[in-house]
1. Within the stretch 254-340, list the trypsin sites (Lys or Arg not before Pro) lying in a DSSP loop whose Cβ has at most 14 other Cβ atoms in a 10 Å radius.
2. Filter the cross-link list Lys55/Lys126; Lys319/Lys345; Lys187/Lys244; Lys319/Lys366; Lys235/Lys319; Lys20/Lys221 down to pairs whose alpha-carbon distance in this structure exceeds 24 Å.
3. Sum -39500 (n - 2.57) across every DSSP H segment of at least 4 residues in the chain, then divide by the residue count to get the 222 nm mean residue ellipticity, nearest 500.
4. Out of the trypsin sites (Lys or Arg not before Pro) in the stretch 144-194, which ones are loop residues according to DSSP with at most 16 other C-beta atoms within 10 Å?
5. May I ask you to evaluate 6.51 cos²θ - 1.76 cosθ + 1.60, the Karplus curve with θ = phi - 60°, for each residue of the stretch 10-16 and list the ³J(HN,Hα) values in order in whole Hz, giving x for glycine and proline?
6. At most 10 other Cβ atoms within 10 Å plus a DSSP loop assignment makes a site exposed; report the longest stretch of the chain without any exposed chymotrypsin sites (Phe, Trp or Tyr not before Pro).
7. Compute the Rg to Rh ratio over the chain from the alpha carbon atoms, using the Kirkwood formula for Rh, and round to two decimal places.
8. Report the calculated FRET efficiency for Asp123 and Glu230 (r = Cβ-Cβ distance, R0 = 22 Å), to the nearest 0.05.
Amino acid sequence: MKVCVFTTVHRPDDVRVFHKEARSLAEAGHRVTLLAHADFERQEKNGVLIRGVKKPANRFFRLFNVFRFAGLCLKEKADVYHFHDFELLPVGLFLKLLTGRRVIYDCHENFPEAVYERVWYPDWVKPVLSRIIARVEPAMARRLDAVVCVVPDQQKRFDQQGCKTVLVRNLPRLENFDAAVNRNLPKLNRIIYLGGLTVVRGARLMVDMMTELKKTRPGVKLLWLGPFNEAHVEKDIKEYIRIKGVDENIEHIRLVPHEQVPDYVVRSLIGLIPWQPNEQMLRMIFPNKVFEYMACGIPVIASDLPSLKYIFGNADSGKTVQADNPGAFAKAVEDLLDSPGKMKKMGENGRLYVKNNYNWDMEADKLLKLYAVLER
């Protein structure tokens with residue numbers, strides 16, 4: 001089938017949108033075009049045709065840009081339209097009503113809870129907006145052909161509202177991670193955090209953690225591999241780093257190609273997930289980064305959120321500590337660094353657990369089965 005994947009929020013090389021789903025569809029023989037904001041007009045990669053759309057100046061103009069995406073989608077004349085963002089639900093419904101073609105909503109987050117994490121919304125707006133989303137999202141989604149969910153709680157929420165759902169978890173493609181492990185890259189004296197940086201995701205806590213570690217392990221570095229979600233948050237956190245005197249202990253790299261991420265992880269000693277409790281984090285969420293750390297064979301130190309305690313209780317590949325306690329994180333890092341044998345065993349446990357339970361091959365089958373049903 002001819003498939004049009006489109007997103008206004010995610011990059012054209014997004015891990016889930018491109019590297020997992022679009023590539024898997026192309027590998028299965030579908031003709032896949034991806035529409036996304038980019039600084040190029042056309043690019044073909046891994047069998048996927050990527051059409052770049054000029055990025056709007058700010059969020060306000062991004063809302064109007066959805067109309068442009070609707071027009072571009074119509075020009076594609078696809079058999080299936082597969083979109084990835086809440087703000088595109090009206091476009092998806094429009095395409096369904098106008099063309100009668102198959103339309104899939106790929107929902108990456110629990111949006112009613114996720115609004116509490118958006119720093120650009122006033123606090124008084126967040127509970128109102130959350131209630132609106134909780135009603136509007138499933139009401140529109142059930143008129144589409146399928147909703148692709150990433151965690152069971154999310155799937156249950158859509159099922160209860162009469163939507164047709166399939167669970168496709170956000171798990172790593174193992175080939176890149178296996179290759180990085182097999183290269184036997186030398187370890188650096190550092191720990192690593194992958195992904196977007198916000199206060200809720202532990203940016204400030206990690207600065208405090210490194211302040212504590214500097215007293216006993218001055219040679220240990222922290223690598224942040226991912227962008228700050230907001231420019232003003234980045235400015236505040238980097239000023240906080242300067243005030244705390246850990247400028248030389250924290251390195252920040254905004255973005256690298258996805259294919260290079262495993263090399264950075266493999267060369268690190270420990271992976272971090274210092275997420276703070278809020279309405280979204282306290283739900284059963286399974287962050288992709290935890291499985292990427294495991295796939296690279298490094299142990300993980302994470303906040304004691306329900307989903308992370310569940311993972312490590314089964315995998316024995318890391319430990320959880322009190323989410324808002326930077327001293328507990330620093331102590332956990334010290335304990336692991338003092339026990340290289342334990343670190344190695346945890347890393348091996350994680351690799352085996354991901355291989356047997358949490359990898360993209362299992363999820364790609366579910367996605368392709370959905371498309372096989374839509375093709376009938």
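Read-outs throughout are calculated quantities, based only on the coordinates presented, and are distinct from any laboratory measurement. As the structure is a prediction and not an experimental result, all values here were calculated from the model. Glycine also receives a Cβ, built like all others from the backbone with ideal geometry; neighbour counts cover every protein chain displayed.
1. On the way: sites: Arg254, Arg267, Arg283, Lys289, Lys309, Lys319, Lys331; in loops: Arg254, Arg267, Arg283.
Those that pass, being in a loop and sparsely packed, are Arg254.
2. Lys55/Lys126; Lys187/Lys244; Lys319/Lys366; Lys235/Lys319; Lys20/Lys221
3. Details: 15 runs with 171 residues, N = 376.
Result for the chain: -14000 deg cm²/dmol, rounded to the nearest 500.
4. When the trypsin sites (Lys or Arg not before Pro) of the stretch 144-194 are filtered for loop state and at most 16 Cβ neighbours within 10 Å, Lys164, Arg183, Lys187 remain.
5. 9, 5, x, 9, 3, 4, 6
6. Numbers: sites that count: Phe40, Trp120, Trp124.
Longest run free of exposed loop sites: 125-376.
7. Values: Rg = 21.0 Å, Rh = 21.7 Å.
Here the Rg-to-Rh quotient is 0.97.
8. Numbers: r = 16 Å, r/R0 = 0.71.
The value I calculate is 0.90.
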